[in-house]
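Visitor: To start, I am sharing the structure in question, which I have written as C-alpha cells.
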Amino acid sequence: MKKYLLAAWLMAILTLFSCLSSVARFIIGTGTGPEKTPEFQAASGSDSLRYHDMIITLLLPYIRESVQKVYADDVSITPDRVNIIRIERKGAFRTYDFLIRLEVRPIGYEGRSMGRDLITLKLSHDHEIELVDYESARDY
C-alpha cells in the first residue's frame, strides 16, 4: 500500500513541476517589451483576423461606392471601421455565390461619425460584386 501511495505522490510532484516549468517558460519567454514577440501565437486567431482583413480590403472599393450613393462626397470609409457580421453561402455545398453582411461606420465632415450602417453585398462566382441591401443608421 505504501508503494502505491509513494508512486502516486511522485506522479503528482512530477506533474506539478512539469506544469510549473511550462508556466515559467510562458511568463519568461513572452516578455513584456515590444521588441520581444511570443513564439506561440495562436494560429487560428491570427488566421481568422488575417482572412477578415483580406476580405475587407478586397471589398473596400465596393463598400465605398455603396456609401457614396447614400451620403455626400464628404463621407469616408476606412478598413478599421468595417466589420463582417456574417457570410452566407447561397445555394448548395461548394457553390461560389455569397451574401456578405457588413457593419460600416462612415466618417463624415471633420471626423464626425455618421452612425452604424448595415450593408449586404452579393459576391457571385463570375466575380461580380453588387449591393443587395443598404440600411442606414436612420433605418434601424
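Matching residues to (1) within 26 Å of residue 48 (Cβ to Cβ); (2) in contact (Cβ under 8 Å) with a residue 60 or more places away in the chain; (3) surrounded by 14 or more Cβ atoms within 10 Å (Cβ to Cβ); (4) of a type in the set (Phe, Trp, Tyr):
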site	(1), (2), (3), (4)
82	yes, no, yes, no
86	yes, no, no, no
89	yes, no, no, no
95	yes, no, no, no
99	yes, no, yes, no
118	yes, no, yes, no
124	yes, no, no, no
129	yes, yes, yes, no
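Residues checked against (1) assigned by TED's automatic domain parsing to the domain that holds residue 57; (2) in a loop (DSSP other than H, G, I, E, B); (3) at pLDDT below 95; (4) closer than 18 Å to residue 59 by Cα:
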residue: 85; (1), (2), (3), (4): yes, no, yes, yes
residue: 89; (1), (2), (3), (4): yes, no, yes, yes
residue: 92; (1), (2), (3), (4): yes, yes, yes, no
residue: 95; (1), (2), (3), (4): yes, yes, yes, no
residue: 101; (1), (2), (3), (4): yes, no, no, yes
residue: 110; (1), (2), (3), (4): yes, no, yes, no
residue: 115; (1), (2), (3), (4): yes, yes, yes, no
residue: 121; (1), (2), (3), (4): yes, no, no, yes
residue: 127; (1), (2), (3), (4): yes, yes, yes, yes
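Visitor: Is one or more of the residues making up the range 84-91 on the phi < 0 side of the Ramachandran plot and among the small types (Gly, Ala, Ser)? Don't jump to the end; show me each part of the working.
Guide: Of the residues in the range 84-91, the ones on the phi < 0 side of the Ramachandran plot are 84-90.
Imposing the further condition that a residue be among the small types (Gly, Ala, Ser) reduces the set to none.
Checked against the condition, which is being on the phi < 0 side of the Ramachandran plot and among the small types (Gly, Ala, Ser), the range 84-91 yields no hits at all.
Visitor: How about the range 129-140: which of its residues are aliphatic (A, V, I, L, M) and either under 20 Å from residue 59 (Cα atoms) or outside any loop (DSSP other than H, G, I, E, B) (or both)? Before the answer, list the steps.
Guide: So in the range 129-140, the residues aliphatic (A, V, I, L, M) come out as 129, 131-132, 137.
The answer is 129, 131, 132.
The values are calculated or read from the model by the stated rules, or taken from the named source; none is laboratory data. What you see is a predicted model; the values in this text were computed from it and never measured. Counting neighbours? That spans all protein chains shown, and the Cβs are built from the backbone with ideal geometry, glycine included.
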